[in-house]
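Input: a single structure, listed below in structure tokens.
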Amino acid sequence: MKNPTINPISFFDELDNPREVQCTIPGKPFAKQRPRASRRGRFTTIYTPKETVDYENLVKYSYFQENGSVLLEGPLEAEIIGTFPVPSSVSNKQKNLMLEGKVQHTKKPDCDNMAKIVLDALNEVAFHDDSQIVDLHIKKQYGESPNVLIKIKEIKE
């Protein structure tokens with residue numbers, strides 16, 4: 001059996017080329033909820049709401065489905081695009097304006113809370129810590145199928 005050798009040229013080429021991952025989380029975008037507290041007698045327990053835990057698990061699952069166990073290194077650039085369904089109560093004219101991007105999604109959830117749940121879920125999954133994100137772009141829009149698109153790219157130093 002031969003000993004595996006590393007081709008030094010291809011090894012250093014990989015270091016020079018920044019990696020990029022992307023994944024799509026199906027369903028309506030969700031925002032990180034605040035921790036809750038409950039009291040039982042003299043004891044107070046802080047917990048994360050079930051909906052938040054469930055959505056974070058969906059983000060992790062979607063990432064692993066599309067990227068496997070790729071862990072990005074160094075400073076990162078991230079783009080998060082939340083696509084929301086058009087309300088069924090709007091007229092066809094209004095619906096078309098929303099789908100063309102002429103009417104923006106200005107309702108909840110807030111962009112920062114939408115990004116927070118996604119980035120917190122990807123800690124130790126896509127990167128070591130979300131403090132590696134040095135450039136973040138977040139967008140909300142209307143679309144035919146609700147989802148969250150995440151793109152994360154290593155920044156070449």
request  = Among the candidates Lys153, Lys140, single out the residue that is in contact (Cβ under 8 Å) with a residue 24 or more places away in the chain, open to solvent by 60 Å² or more (accessible area, probe 1.4 Å) and under 30 Å from Glu73 (Cβ atoms).
outcome  = Lys153
key: Selection count where residues are in a loop (DSSP other than H, G, I, E, B) and either without any contact (Cβ under 8 Å) to a residue 24 or more places away in the chain or open to solvent by 40 Å² or more (accessible area, probe 1.4 Å) (or both), scope the range 83-100   = 6
query = Only one of (1) open to solvent by 80 Å² or more (accessible area, probe 1.4 Å); (2) outside any helix (DSSP H, G or I); (3) without any contact (Cβ under 8 Å) to a residue 40 or more places away in the chain is not met by Val103, so which one is it?
reply = (1)
request  = Those residues that are in contact with a strand residue (DSSP E or B) (Cβ under 9 Å, 6 or more places away or on another chain), open to solvent by less than 100 Å² (accessible area, probe 1.4 Å) and in contact (Cβ under 8 Å) with a residue 60 or more places away in the chain, I need them from the range 27-54; list them, please.
outcome  = Gly27, Pro29, Phe30
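Quick one: would you say Val59 is part of a loop (DSSP other than H, G, I, E, B) and either under 12 Å from the mean Cα position of the chain (by Cα) or at pLDDT 95 or above (or both)?
In short, no.
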ask   = Somewhere in the range 124-133, is a residue open to solvent by 30 Å² or more (accessible area, probe 1.4 Å), touching a helix residue (DSSP H, G or I) at 6+ places or on another chain (Cβ under 6 Å) and closer than 21 Å to Tyr55 by Cα?
value = yes
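The values are calculated or read from the model by the stated rules, or taken from the named source; none is laboratory data. Computed from a prediction, not measured in an experiment: that's the story for all the values here. For neighbour counting, all protein chains shown are included, and Cβ atoms are generated from backbone atoms with ideal geometry for every residue, glycine included. Remember, those area values only see protein heavy atoms, side chains included, never the ligands or the DNA or RNA. Shrake-Rupley method; radii C 1.70, N 1.55, O 1.52, S 1.80 Å.
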